[in-house]
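S.K.: Got a structure for you, questions after.
The values are calculated or read from the model by the stated rules, or taken from the named source; none is laboratory data. As the structure is a computational prediction, the values presented were derived from the model and not from experiment. All Cβ positions, even for glycine, are placed from backbone atoms using ideal geometry, and neighbour counts span all protein chains on display.
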Amino acid sequence: MRRIIILLLISVIYSSATKANEGMWIPILLEKYNIEEMQKLGFKLTAEDIYCINQASMKDAVVIFGGGCTGELISDEGLLITNHHCGYGAIQSHSSVENDYLTNGFWASSKDNELSNKNLSTTFLKRMEDVTDLVLEGVSDTISENKRAEIIAKNSEKIINEATRDNHYKAKVKAFFHGNQYFLFVNEVFNDVRLVGAPPSAIGKFGGDTDNWMWPRHTGDFSLFRIYADKNNQPADYSPDNVPFKPLKHFPISTKGIEEGDFTMVFGFPGSTEQYVPSYHLKMITEKVNPELIDIRTKKLNIIKRYQEADPAVRIQYAAKYARISNSWKRWIGEIKGLDKLNAIDKKEDFEKDFQLWATQQPNQNYATILNEYKEVYTNYGEYDLAYNFLLEVIYRNGMEAVKASAYLNSLKKAYESDSIDYNKTEELKQKLKKQYDAFFKDYHQPIDKELTAALLSMYKDRISNQFHPETYAFVNKKYKGDIKEYVDAVFAKSMFTNKDVLYRFIDDFSEKSIKKLSKDPALVLFESFYEVYKNNIWPKYKTLDAKLNKLNRNYMAAQMKYLQDAVFYPDANFTLRVSYGQVKSYIPRDGVKYQNYTTLDGIIEKDNPDIYDYRVPEKLKTLYNNKDFGKYEVNGTVPVCFIATNHTTGGNSGSPVVNANGELIGVNFDRAWEGVMSDLMFNPEQCRNISLDIRYVLFLVDKFAGAGYLLDEMTIIE
Ligand code: ARG
Ligand code: GLU
């Protein structure tokens, strides 16, 4: 009996209270919950050094970079560092055959040569505030979920208006702990952000998808940008008159390096995690949904890869698509393995047993029914979640390309169907559409799309239950005796979306009369048949189940926090600024193997292989290596490249500053190690490691490789 109690206790602590180094913490609550532990781990600064509104603090040097990454300021002239994979779109947009910055790298030799970017913003947090009471004013347990959402939206709007009334800030209210707490974020957004420098992809993406999500790693995953402001240091749209932005704070850079056990902190914008879901959710994604999603992506990757290997031009065309498909695919595979190794489902179930015992003893609460309700919802949810995601995979997420692109023309159709056609507008729309199709055809290889389309249609038919099958399958049975390939051949032969000239002529000549022809195009017919299924058979039920889950998640979260009153909880990631702290640490990925905590230039040379695209080392880097021309970045006869630590991070943390005990920049976060990617669902301190680029490799590359040493002059380097 005693053993059982102890086991129960351990399982409770293990699965719900936070483990060493686990957690993505709220900046304004560090003083209350974390600073003591941080200092115990070696941190020498205070909570106010991280977040403060009365004086400059670290938060003033961290930005949301673009739509989903983090970046940090490293000079008092607005210089910013983020990942190469975060700057990729900007670098690509300036690249042409003559100036191929992706392949060759780019270094603006002076501020005049820095390149401006449309649609690239950086966002600073000015202040945040707990606004739970205001947001939930008028909300009670008895009102419907819709009513609740309505009230919350209204209250939030009021708070946002108030916060932005007499200033140029942008504000947001965000839910924490699944709607149990709300915070206001007041942000300052800068839109003139210029490209300063980037290494060649052979450095910035070294290892490519082969090494992605893996340690040991040798990727020089960084790029440099500069924020510009008007003469008053205020945000302004691009203008040649703008001047480099003077931030309140920038990170000093330390070249002192790292040792096992050193304190590290990551300060950035983790996107989303699911730490508090019930065992049913883990079962659903590991047993039902993700294995199917992995399969469909394996199929896509195999097809694309075969064409890429046969033709270097196709390899370039499909490189970004391949990387996008591969990234989550690989993470899902690792996640299932990691959860399995952790016995995550058993742990959750043990926790739930104890929770249930407690819940039934809470007289006035509805907690006792939560798990049963979950069980009921998840009985159906998996099927809908799978159908929903599979359909997205077939069409929207790098699925059937021409079929997806056919729907772009619906906007034109709509414009002509309206009662009062505005012909100026339709002309504008035509030009816009042609631009959209230009982008589409630029990276389009029809043989791939044709093979993909047939393969994805077959797979959808085999894997997804009949109730979600679009009419197309009946049509294929009738007209093509069920031969999907033959049907796809016909679609590609007849559709105008597979032929640029035909399509552009059709757009130029588009009028009311074209609508009928458009509606009969077989690619669009196929698109619409899936869309109908989505609209009628998937979305309504999926949305209803989702709403039920939202409510359950909120209640379960509140119940867990009550149940483990003494534990300190951190909220799931929601793309708001968070602190993760931990230590530099080696790990044992599997029996008999130990990974050390850093990599060096030696490893890059070891991997060098001109026959493997991901492992081609630029000649210049090899020359520097052979001549041991490491300058002051030399450590033990080589140059440090990457390191690992136990910081709890996720997607969105890319580009985040990694600082040492003194708050000095020692690295730039860019990935997690394979054995620990299940940390979005359950953290394992033994296996979870974030991967950072060692800042000394950045300095070495800027100085020695790029000959852009002038950039170092504006940094604050502590040797
Ligand atoms: N795995 C990293 C992150 O999620 C890097 C992704 C980009 N690199 C790549 N080879 N696909 O997002
Ligand atoms: N590469 C990820 C990103 O783009 C960070 C890695 C992770 O998921 O931890 O945000």
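S.K.: Can you tell me how many residues in the range 338-353 are more than 19 Å from Trp213 (Cα to Cα) and part of a loop (DSSP other than H, G, I, E, B)?
M.R.: The number of residues fulfilling the criteria is 1.
S.K.: Still on this structure, I have one more. Need pairs with beta-carbon distance below 6 Å; first residue closer than 14 Å to Met557 by Cα and within the range 354-378, second outside any helix (DSSP H, G or I) and modelled with pLDDT of 95 or more; sequence gap 6+ or separate chains.
M.R.: Filtered contacts from the range 354-378: Tyr374/Pro278.
S.K.: Could you tell me whether any residue of the range 639-655 is at pLDDT 95 or above, closer than 15 Å to Ser692 by Cα and surrounded by fewer than 21 Cβ atoms within 10 Å (Cβ to Cβ)?
M.R.: Within the range 639-655, the first condition is being at pLDDT 95 or above, and the residues that meet it are 639-655.
Subsequent filtering for residues that are closer than 15 Å to Ser692 by Cα retains 639-655.
Adding the requirement that they be surrounded by fewer than 21 Cβ atoms within 10 Å (Cβ to Cβ) leaves 651.
Scanning the range 639-655, I find at least one residue that is at pLDDT 95 or above, closer than 15 Å to Ser692 by Cα and surrounded by fewer than 21 Cβ atoms within 10 Å (Cβ to Cβ), so the answer is yes.
S.K.: I've got another one for you. Which of the residues spanning the range 134-145 are part of a helix (DSSP H, G or I) and modelled with pLDDT of 95 or more?
M.R.: Answer for the range 134-145, where residues must be part of a helix (DSSP H, G or I) and modelled with pLDDT of 95 or more: Leu134, Val135.
S.K.: Every residue in the range 137-170 that is free of Cβ contacts under 8 Å to residues at least 24 places away in the same chain, surrounded by 14 or more Cβ atoms within 10 Å (Cβ to Cβ) and of a type in the set (Gly, Ala, Ser), please.
M.R.: Ala149, Ala163
S.K.: Among Glu383, Glu349, Glu335, which is the only one that is within 16 Å of ligand 1 (Cβ to nearest atom), out of contact with any Pro (no Cβ under 8 Å at 6 or more places or on another chain) and at pLDDT 95 or above?
M.R.: Glu335
S.K.: Still on this structure: Which of the residues spanning the range 611-629 are under 21 Å from Ala323 (Cβ atoms) and outside any helix (DSSP H, G or I)? It would help to see each step written out before you state the result.
M.R.: Initially, the range 611-629 is screened for residues under 21 Å from Ala323 (Cβ atoms), giving 611-618.
Matches in the range 611-629: Asp611, Ile612, Arg616, Val617, Pro618.
S.K.: Pick out the one residue from Val189, Val173, Val193 that is surrounded by fewer than 18 Cβ atoms within 10 Å (Cβ to Cβ) and either within 30 Å of Asn550 (Cβ to Cβ) or aliphatic (A, V, I, L, M) (or both).
M.R.: Only one candidate qualifies: Val189.
S.K.: Please work out which one of (1) of a type in the set (Gly, Ala, Ser); (2) within 21 Å of His250 (Cβ to Cβ); (3) assigned to a loop (DSSP other than H, G, I, E, B) is the condition Gly23 fails and give its number.
M.R.: (2)
S.K.: Kindly provide the set of residues from the range 204-216 that are assigned to a loop (DSSP other than H, G, I, E, B), out of contact with any His (no Cβ under 8 Å at 6 or more places or on another chain) and near ligand 1 (Cβ under 8 Å from one of its atoms), ordered by number.
M.R.: Within the range 204-216, Asn212, Trp213 meet the criteria.
S.K.: Which residue out of Asn161, Asn180, Asn155, Asn242 is of a type outside the set (Lys, Arg), more than 16 Å from ligand 2 (Cβ to nearest atom) and closer than 28 Å to Ser75 by Cα?
M.R.: On the way: Asn161 fails: closer than 28 Å to Ser75 by Cα; Asn180 fails: closer than 28 Å to Ser75 by Cα; Asn155 fails: closer than 28 Å to Ser75 by Cα.
Residue meeting the stated conditions: Asn242.
S.K.: Please name all residue pairs, on different chains or six or more residues apart, with Cβ atoms under 8 Å, provided the first residue is in the range 409-424 and is farther than 16 Å from Leu518 by Cα and the second residue is in a helix (DSSP H, G or I) and of a type in the set (A, V, I, L, M, F, W, C).
M.R.: Note: pairs meeting the criteria are Ile421/Ala415; Asp422/Ala415.
S.K.: May I ask you to verify whether Ile345 is farther than 30 Å from Ile91 by Cα and more than 14 Å from ligand 2 (Cβ to nearest atom)?
M.R.: yes
S.K.: Select, from Ile285, Ile325, Ile316, the only residue that is out of contact with any strand residue (DSSP E or B) (no Cβ under 9 Å at 6 or more places or on another chain), away from ligand 1 (no atom under 16 Å from the Cβ) and in a helix (DSSP H, G or I).
M.R.: Result: Ile285 is the single residue among Ile285, Ile325, Ile316 that is out of contact with any strand residue (DSSP E or B) (no Cβ under 9 Å at 6 or more places or on another chain), away from ligand 1 (no atom under 16 Å from the Cβ) and in a helix (DSSP H, G or I).
S.K.: A further question on this structure: Pairs under 7 Å by beta carbon, first residue in contact (Cβ under 8 Å) with a residue 40 or more places away in the chain and away from ligand 2 (no atom under 14 Å from the Cβ) in the range 662-689, partner acidic (Asp, Glu) and part of a helix (DSSP H, G or I), six or more apart or different chains?
M.R.: These pairs meet every condition: Gly663/Asp49.
S.K.: Output the residue which, of all residues in the range 304-326 that are crowded, with 20+ Cβ neighbours inside 10 Å and in contact (Cβ under 8 Å) with a residue 40 or more places away in the chain, is nearest to ligand 2 (Cβ to nearest atom).
M.R.: Only one residue fits best here, namely Ser326.
S.K.: Here's something else I'd like to know. Do we find a residue being within 15 Å of ligand 1 (Cβ to nearest atom) and more than 27 Å from Ser75 (Cβ to Cβ) anywhere in the range 183-190?
M.R.: Just the residues of the range 183-190 that are within 15 Å of ligand 1 (Cβ to nearest atom), to begin with: none.
Looking for residues that are within 15 Å of ligand 1 (Cβ to nearest atom) and more than 27 Å from Ser75 (Cβ to Cβ), one finds none in the range 183-190, hence no.
S.K.: Also, quick follow-up: Looking at the range 217-224, is at least one residue in a strand (DSSP E or B), buried (at least 19 other Cβ atoms within 10 Å of the Cβ) and within 16 Å of ligand 2 (Cβ to nearest atom)?
M.R.: Initially, the range 217-224 is screened for residues in a strand (DSSP E or B), giving 223-224.
With the extra rule that they be buried (at least 19 other Cβ atoms within 10 Å of the Cβ), the set shrinks to 223-224.
Restricting the remaining residues to those that are within 16 Å of ligand 2 (Cβ to nearest atom) gives 223.
Yes.
S.K.: Something else about it: Name the residues in the range 643-661 that are part of a strand (DSSP E or B) and within 13 Å of ligand 2 (Cβ to nearest atom), would you?
M.R.: Across the range 643-661, the qualifying residues are Ile644, Ala645, Val658.
S.K.: Going through Val97, Val63 one at a time, which residue ends up being more than 16 Å from ligand 2 (Cβ to nearest atom), among the aliphatic types (A, V, I, L, M) and closer than 30 Å to Ala319 by Cα?
M.R.: Val97
S.K.: Pairs, please: C-beta under 6 Å, at least 6 apart or cross-chain, first residue in contact (Cβ under 8 Å) with a residue 12 or more places away in the chain and in the range 511-531, second of a type in the set (Asp, Glu)?
M.R.: Listed by first residue and then by second, the contacts come to Ser529/Glu471.
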